[in-house]
Amino acid sequence: MPRKIAAGNWKMNGMQSTLSELQRLEDKHGDADIAILICPPFTLISACEDTPFDIGGQDCHAAEAGAHTGDISAEMLADVGASYVLVGHSERRTDHGETDALIAAKSKAAYDAGLIAVICIGETLDEREAGTTLDVIDAQLAGSVPDTADALTTVIAYEPVWAIGTGKVPTTDQIAEVHAHIRARLQDRFDDGSEFSLLYGGSVKGSNAADIFGVPHVNGALVGGASLTTADFSPIIAALEAA
Ligand code: PGA
């Protein structure tokens with residue numbers, strides 16, 4: 001069975017004072033039997049070392065080290081206690097022009113450092129309206145998931161770009177179609193394709209989480225805004241536990 005994962009992507013939010021939220025989350029979900037992954041900004045990763053939760057970076061460089069001002073390597077993330085890293089988030093693809101090839105290289109760097117790569121894919125609104133969603137998903141899976149991926153080292157997050165931070169959520173039928181498609185592609189390509197955890201991301205909230213987690217092949221969520229407070233994240237975690 002794929003592992004259930006409730007992942008919080010704090011994006012460029014969070015100060016040292018925010019860490020008290022993690023303590024509140026620990027009080028409620030410290031002994032959850034699903035994986036709870038927190039991806040804070042780089043500046044807070046080492047301060048998270050005592051939490052019971054999995055910790056991840058939001059990005060890494062493809063190189064191990066070197067002259068890359070402002071960048072962070074996968075090894076550095078592992079060194080301060082991270083066990084996961086997000087790669088290919090649509091905000092990175094858009095804001096930093098990241099290509100599928102670069103995302104594959106970052107994923108390989110994550111594997112080399114012993115990190116699990118959460119590879120993010122998803123179509124834009126134009127692509128959905130043009131009817132090309134599954135083609136976009138195919139191209140992103142082919143281009144950004146390395147051939148060396150397996151279910152222990154790789155999680156796939158399907159995040160329709162138009163649903164991120166907008167409050168717009170696809171219908172459960174739309175999520176079901178894409179998740180079934182991703183599962184089938186992974187099964188075609190990898191011996192353990194049935195075991196990869198597949199996350200849905202984009203405007204997940206306590207009010208829609210149970211419906212989303214009821215969709216076949218949805219094994220968890222990648223949550224942005226609603227992961228910033230325990231009050232918002234806790235019902236999502238509870239819904240995943242109950243699913
Ligand atoms: P959102 O972000 O939950 O705020 O829509 C999700 C994400 O970008 O991972």
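Miscellaneous remarks
- 3J(HN,Hα) along the stretch 125-131, derived from phi through the Karplus expression 6.51 cos²θ - 1.76 cosθ + 1.60 where θ = phi - 60°, amounts to 5, 4, 5, 5, 5, 7, x Hz, with x in place of Gly and Pro.
- Computed P(r) (all Cα pairs; the chain; 10 Å bins; percent): 8, 35, 39, 17, 1
- Counting only protein chain heavy atoms and rolling a 1.4 Å probe, the accessible areas of GLU75, GLU64, GLU159 rank, largest first, as GLU64, GLU75, GLU159.
- The length gained on full extension between SER83 and GLN23, counted as 0.36 nm times the residue separation minus their Cα-Cα distance, comes to 19.7 nm.
- Label-to-label distance for HIS96 and MET15 is 2.5 nm, based on points extended 7 Å past Cα in the beta-carbon direction.
- Using θ = phi - 60° in the Karplus curve 6.51 cos²θ - 1.76 cosθ + 1.60, the 3J(HN,Hα) couplings for the stretch 177-194 round to 4, 6, 5, 5, 5, 4, 4, 5, 4, 5, 5, 4, 9, 10, 4, 9, x, 6 Hz; x is entered for Gly and Pro.
- Residues whose placed amide H lies under 5 Å from that of GLY8, excluding near-sequence neighbours: LEU37, ILE38, CYS39, VAL223
- Averaging the sequence gap over all C-alpha pairs within less than 8 Å and six or more residues apart, then dividing by the number of residues, gives the stretch 5-242 a relative contact order of 20 percent.
- In the chain, lysine pairs with alpha-carbon atoms under 28 angstrom apart (chain gap of 8 or more, or interchain): 12
- Nearest-10 value in Å² for the accessible area of ARG189, using the 1.4 Å probe: 90
- ALA231-ASP50 pseudo-label distance in nm [points 7 Å out on the Cα-to-Cβ vector]: 2.6
- Dipole of the stretch 5-242 computed with +1 at Lys/Arg Cβ and -1 at Asp/Glu Cβ about the Cα centre; of VAL87, LEU25, ILE103, farthest Cα towards the positive end is LEU25.
- Share of carbon and sulfur in the accessible heavy-atom surface of the chain [1.4 Å probe, %]: 51
- Distance between modelled label sites at ASP31 and ARG189, nm, 7 Å Cα→Cβ extension: 4.0
- Close amide H pairs (under 5 Å, H built 1.01 Å from N) link VAL155 with ALA117, VAL118, ILE119, residues at least 5 positions away or on another chain.
- Given charges at Cβ of Lys, Arg, Asp, Glu: the stretch 5-242 dipole, positive-most of ILE137, THR51, SER234: SER234
- Under 5 Å, built H, 5+ apart or other chain: amide partners of THR124: VAL161
- Per residue accessible area of the stretch 5-242, 1.4 Å probe, in Å²: 43
The values are calculated or read from the model by the stated rules, or taken from the named source; none is laboratory data. Everything quoted here is computed from the prediction, not taken from an experiment. A quick note on method: Cβ atoms are made from the backbone with ideal geometry, for glycine too, and the neighbour counts reach across all protein chains shown. SASA here: full protein model, heavy atoms, side chains in, ligands and nucleic acids out. Shrake-Rupley method; radii C 1.70, N 1.55, O 1.52, S 1.80 Å.
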